[in-house]
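What follows draws every value from the coordinates through simple rules; no lab data is involved. Please read all numbers here as calculations on a predicted model, not as lab measurements. Neighbour counts run over all protein chains shown; Cβ positions are idealised from the backbone, glycine included.
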There are 2 protein chains.
Amino acid sequence: MSSKLFVSAQEVAERAGVSRSAVSRTFTPGASVSADTRRRVLEAAEALGYHVNHLARGLMRNESGIVCLIVSDVATPYRSALLRELTLQLQNAGKVAMLINTDRSDGSVDRALRQAIRYRADASVILSGLPDKSITQLCLRNGQRLVLINRDDDQPGPLKINLDDYESGGRIATAFVRAGCRTLAFANSEAGTPSLMGRERGFIAAAARLGIEVIVERYGWTGYEAGKVLAQRMLTRTERPDAVFCATDLLACGFMDAARHQFGISVPDQLCIAGFDDIEQASWSSYDLTTFAQPVSMIASHAVEWLSKAENADGEDHSVRLTAELIWRGSIRGG
Amino acid sequence: MSSKLFVSAQEVAERAGVSRSAVSRTFTPGASVSADTRRRVLEAAEALGYHVNHLARGLMRNESGIVCLIVSDVATPYRSALLRELTLQLQNAGKVAMLINTDRSDGSVDRALRQAIRYRADASVILSGLPDKSITQLCLRNGQRLVLINRDDDQPGPLKINLDDYESGGRIATAFVRAGCRTLAFANSEAGTPSLMGRERGFIAAAARLGIEVIVERYGWTGYEAGKVLAQRMLTRTERPDAVFCATDLLACGFMDAARHQFGISVPDQLCIAGFDDIEQASWSSYDLTTFAQPVSMIASHAVEWLSKAENADGEDHSVRLTAELIWRGSIRGG
DNA sequence: GCACCGTTTGCACACGCTTGCAAAGCGACC
DNA sequence: GGTCGCTTTGCAAGCGTGTGCAAACGGTGC
């Protein structure tokens, strides 16, 4: 639609007095070009403002350099931190990120993957939601790499990166008991994600081993407001908990704010709180929240390394388990 | 490199017993295909798992459907909120977002724009940094649309979306004075962005009209930690301010935390605080921060509308000024 | 001069798609 | 039946690039 079109390799070739192939080879690392023609081509390209057309290149090479990031709740602290790390490391690996937001409308992960196929993305990274088996099969059949982060799926083919949610739940339970807490609670959302449920189950199991039954509540979406509601529900019980593990830092922040400002409860003296994710706000002095840090950078590097690998070792089951690091702060007594 | 290639329109055509053009037309809205062939093509496509190759389509149409979002500090609350809105609205407009992260290494905005050109992006939206004039000219010459958000540049050609930073600064100054404050301060970062400086100048000017000289400090990058440092600097002065306007909510949160937890100052009784952006944390009850809401959704819709417009009215100067809405909360006395 | 070898270069085809153009099909009307 | 008009269809020419292949080149060693 533009009056002036982009400048093509042909024009550069004419100006440099060489063939079009020479231009192409100049911009293809490892191709055979003499130093002299290379220089002349580069000069002409610079003068004309030439840039290789990656659409055409991708068409030829059958490799676009595009990696699709499929994600909902982009504006959430944890998600955006992961997004940051992924884009950065992808760029370092010479790839470029295509961002597909799957907020609103369910089943849109499938739609997103279709979009990834249309743009012939070399790979897709799924940070949220779970795709239908048929569509992932379609992706894999077309040679598209797939990475599932914290999705805990059992489909063979994609790389699956997960955390030790269950064990983390256990660790925090013993930490609570060691801090002298006796009435343990778990605050969860209704999302029912495998990672969230893993934390819950691990926490309950470890408490059971210590002879403690855990109060569990689930409400709403995994955000600040839900944390407040959960606090209202749990702190008005006759047997009020003196320690609560929130499935997420956002929940924990909401819970803590409600406990302090609506119930006048002091943290950690009367109530110990722990969260998960280690979002930036967890370190803010208003919260000073003990939590588990997701190894965001390591997650990203595993993902990027896998999807840049030339060899597609089909058939094997690729799955990575990383451990979340317990960040000890002031929301639990006796650090 | 994959053993099996993607399925092409040719294969669909053969299976459906029609020509390749028929397949192409079936997937081109508004093209002339009979209902019968259309049905047969769709059936064959579904069976084979065919998806139009947007790289090839973009090559032909000279219109990729890709929009580049160039942004640093992706994990920041305000930026990620804007990102969320942009991706969502772009998708609704039938575009797809390519995310380029310009953290680390300066001048990378230019590199990002080059990347946008390589992928023949229809447009680029710049959320941070400022590109060199030569490179924006190159983009415009190639028919690539450009949107600058809060960059306050004077280059003709791109759409420039800005806020009434200066006026907002003025409004908050009078609000402080009306609340009985007498010693006004402005906490800024050293970034020196036009929007940040606009708020500062507007605040100072309005205070001057009321006969008040403003204490100004600038430090570091526009984040929580910088806010803490600024508090340390300002609250140890002999003439301690009783109202501070922070250029950003993140600064304000840090400032408030330091004021309360390190200096034992009560907000808003002894110190009124205001911020800018209305990030989610501003509404959290630990902060309850009076601030200006950026009209994120409107910013995004202006950007998307402009870059989907068919007509490229060259020569005209396109610039939009939006007003930030004052969100009145508890960090200023007497709301 | 000639055979040999390694490097550089150009030709031409392929990638998967869109689209102008003309031919074909189909009714309807005189 | 012939003419006109409209819709549908296939052909083929591109879009900008990568790359195999063979020819051209340039330098050795005899």
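Run the numbers on region B:165-294 and let me know its relative contact order in percent, using alpha-carbon pairs under 8 Å that are six or more apart.
24
With a ≥ b ≥ c taken as the square roots of the eigenvalues of the C-alpha gyration tensor of region B:165-294, please select rounded if a/c is under 1.5 and otherwise prolate if a/b is larger than b/c or oblate if it is not?
Verdict is rounded for region B:165-294.
How large is the translational diffusion coefficient of region A:98-146 in µm² per second when you combine the Kirkwood radius over alpha carbon pairs with Stokes-Einstein at 10 °C and 1.306 mPa s?
Once the numbers are plugged in, D ends up at 148 µm²/s.
Every other copy gets compared here: list the nm distances from the A:Gly330 label point (7 Å along Cα to Cβ) to its counterparts, shortest first, one decimal.
Between copies, matching label points for A:Gly330 lie 1.9 nm apart.
Relative to the longest principal axis of chain A, what angle (0 to 90°, nearest 10) does the C-alpha long axis of helix A:296-308 take?
Helix A:296-308 and the main axis of chain A meet at about 30 degrees.
Please report, in debye to the nearest 20, how large the charge dipole of the protein assembly as shown is about its Cα centre when each Lys and Arg carries +1 at its beta carbon and each Asp and Glu carries -1 there.
That gives a dipole near 1180 debye.
Give me B:Lys228, B:Lys160 ranked fewest to most by other Cβ atoms within 10 Å of their Cβ, as a rough exposure proxy.
B:Lys160, B:Lys228
Any idea what angle helix B:35-48 forms with the longest principal axis of chain B, computed on alpha-carbon atoms, 0 to 90 degrees, nearest 10?
Taking the Cα atoms of chain B, the angle to B:35-48 is about 70 degrees.
What is the Cα coordinate range of the protein assembly as shown on the first, second and third principal axes, sorted by size from largest, in whole angstrom?
74, 68, 54
Summing Lys, Arg as +1 and Asp, Glu as -1, what charge do residues with Cβ under 12 Å from the Cβ of A:Gln91 carry, A:Gln91 excluded?
Taking every other residue near A:Gln91 into account, the sum is +2.
Can you pull out the GluC sites (Glu not before Pro) in region A:186-242 whose DSSP state is coil and whose Cβ has at most 14 other Cβ atoms within 10 Å?
A:Glu190, A:Glu213, A:Glu239
Where the label is 7 Å out from Cα toward Cβ, how close does A:Phe263 come to the same position in every other copy, in nm, shortest first?
Inter-copy label distances (nm, one decimal, shortest first): 3.3.
So how strong a dipole does region A:225-325 carry about its Cα centre when Lys and Arg Cβ are +1 and Asp and Glu Cβ are -1, to the nearest 20 debye?
Roughly 580 debye for region A:225-325.
Other chains near B:53-63: what is the mean number of their Cβ atoms within 10 Å of each residue's Cβ?
Taking all residues of B:53-63 together, the mean is 5.
Quick one: Cα convex hull volume of chain B, Å³ per residue?
Per-residue hull volume (Cα only) is 173 Å³.
Would you compute, from DSSP H runs of 4+ residues alone, the mean residue ellipticity of chain B at 222 nm, taking -39500 (n - 2.57) per run and dividing by the full residue count, rounded to the nearest 500?
-13000 deg cm²/dmol
Under a Cβ-only charge scheme (Lys and Arg +1, Asp and Glu -1), can you give me the dipole magnitude of region B:165-294 about the Cα centre, in debye to the nearest 20?
For region B:165-294, the charge dipole is close to 420 debye.
Just to confirm the filter: which trypsin sites (Lys or Arg not before Pro) across region A:63-155 are DSSP coil and have at most 12 other Cβ within 10 angstrom of their Cβ?
Qualifying residues, ordered by number: A:Arg104.
Using all alpha carbons of region B:176-242, what is the percent of pairwise distances in each 5 Å bin, ordered from the shortest bin to the longest?
3, 17, 26, 24, 20, 9, 1
Among all lysine pairs in the protein assembly as shown that are eight or more places apart or on different chains, how many have alpha carbons less than 15 angstrom apart?
Close lysine pairs under the 15 Å cut-off: 4.
Quick one: helix B:165-178 against the long Cα principal axis of chain B, what's the angle to the nearest 10°, folded into 0 to 90?
30
Filter the GluC sites (Glu not before Pro) in region B:243-313 down to the DSSP loop ones having no more than 15 other Cβ atoms within 10 Å, then list what survives.
The qualifying sites are B:Glu311.
To one decimal in nm, how far is A:Leu210 from the same spot in the other copies, if labels go 7 Å from Cα toward Cβ? Please give the shortest first.
A:Leu210 label point versus its equivalents elsewhere: 5.3 nm.
Kindly provide log₁₀ I(q)/I(0) values, in the same order as q = 0.23, 0.30, 0.32 Å⁻¹, from the Debye equation applied to equal alpha-carbon scatterers of region B:9-52.
The Cα Debye sum returns log10 ratios of -0.64, -1.11, -1.25.
So what is the relative contact order for chain A, in percent, with contacts set as C-alpha pairs under 8 Å and at least six apart?
Relative contact order, chain A: 14 percent.
If you take every DSSP beta bridge whose two residues both sit in the protein assembly as shown, what share of them, in percent to the nearest 5, is antiparallel?
10
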